[in-house]
Amino acid sequence: MIKAIVKEPGQILHAKALPVPGLTPDIERLIAEMIETMHAANGVGLAANQVGSDLDILVASPDGQRGKEIVLLNARLSERGGKDRSPEGCLSVPGVSAEVTRAARVTASGLDRRGKPVTLKAQGLLAKILQHETDHLQGRLFFERLGFWRRGNLLRQYRQTESLLSRVEIPPEAKE
Ligand SMILES: [Zn+2]
């Protein structure tokens, strides 16, 4: 089932995720739904709070290939190296993007979708996704990585885009 994606300023986007205590059928279903939702939205990564769950789960698909998704539960990053600056957007903040500086390489440890401990070294797009999604799970959105003025501009642009979209979606008769 494809889940609805929570949009900024949704409260759960600003809350810290809770550790996954272990795999259950419900959690396995949530992981499958997160993967489906990410692909349906043409996303390359998704964190559980973006679909309304408070669990520490992320999924990533840097190449968009089905069946090759990366799933990490309780992910922690270490060994950040280098710097990389590139445009970034977010499914929870649709319609806007900004250049964000991130580490070029990271090591991520956590549990895989079978609940087994896993460590992976990432660079390029995957390194960027892992940083973006672990930020989400700490209750932090990508624009919080921007300076004061750029963050203000981006949010202003986002609010304008959102209000235009919601105006388009409401048929005239429903306004009464
Ligand atoms: Zn995001």
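Since every read-out is calculated from the coordinates, none of them should be taken as a lab result. Note that the structure is a prediction, hence the values are computed from the model and not measured. Neighbour counts are summed over all protein chains in view; Cβ atoms, including those assigned to glycine, are modelled from backbone coordinates with ideal geometry.
For segment 22-176, the relative contact order comes to 19 percent (Cα pairs under 8 Å, sequence separation of at least 6). Beta bridges from DSSP with both residues in segment 11-175: antiparallel share about 95 percent, rounded to the nearest 5.
For segment 11-175, the Cα-based Rg and Dmax, in that order, read 16.6, 56 Å. The string of couplings for segment 53-65 from the Karplus curve (6.51, -1.76, 1.60, θ = phi - 60°) is 9, 9, 8, 7, 10, 10, 10, 9, 8, x, 9, x, 7 Hz, one whole number per residue in order, with x for Gly and Pro. Ordering of 152-159, 45-52, 19-26 by packing is 45-52, 152-159, 19-26, highest average first (other Cβ atoms within 10 Å, averaged per residue). Helix content alone sets the calculated 222 nm mean residue ellipticity of the chain: runs of n ≥ 4 DSSP H residues at -39500 (n - 2.57) each, divided across all residues, give -10000 deg cm²/dmol.
Evaluated with a Cβ-only charge set (Lys, Arg +1; Asp, Glu -1), the chain carries a dipole of roughly 660 debye about its Cα centre, given to the nearest 20.
Taken along its principal axes, the alpha carbon cloud of segment 70-125 reaches lengths of 36, 27, 14 Å, longest axis first.
One decimal place: the segment Lys83-Gln123 gains 13.3 nm when fully extended, by the rule 0.36 nm per residue minus the C-alpha distance. Going through the cross-link list Lys7/Lys68; Lys83/Lys121; Lys83/Lys116; Lys16/Lys68; Lys3/Lys128; Lys7/Lys121, which pairs have a Cα-Cα distance over 22 Å in this structure? Pairs exceeding 22 Å: Lys7/Lys68; Lys83/Lys116; Lys16/Lys68; Lys3/Lys128; Lys7/Lys121. Among Met38, Met1, the order by Cβ neighbours within 10 angstrom, fewest to most, reads Met1, Met38. Using the Cα gyration tensor of segment 1-82, with a ≥ b ≥ c the square roots of its eigenvalues, what is the shape: rounded (a/c below 1.5), prolate (a/b larger than b/c) or oblate (neither)? Rounded.
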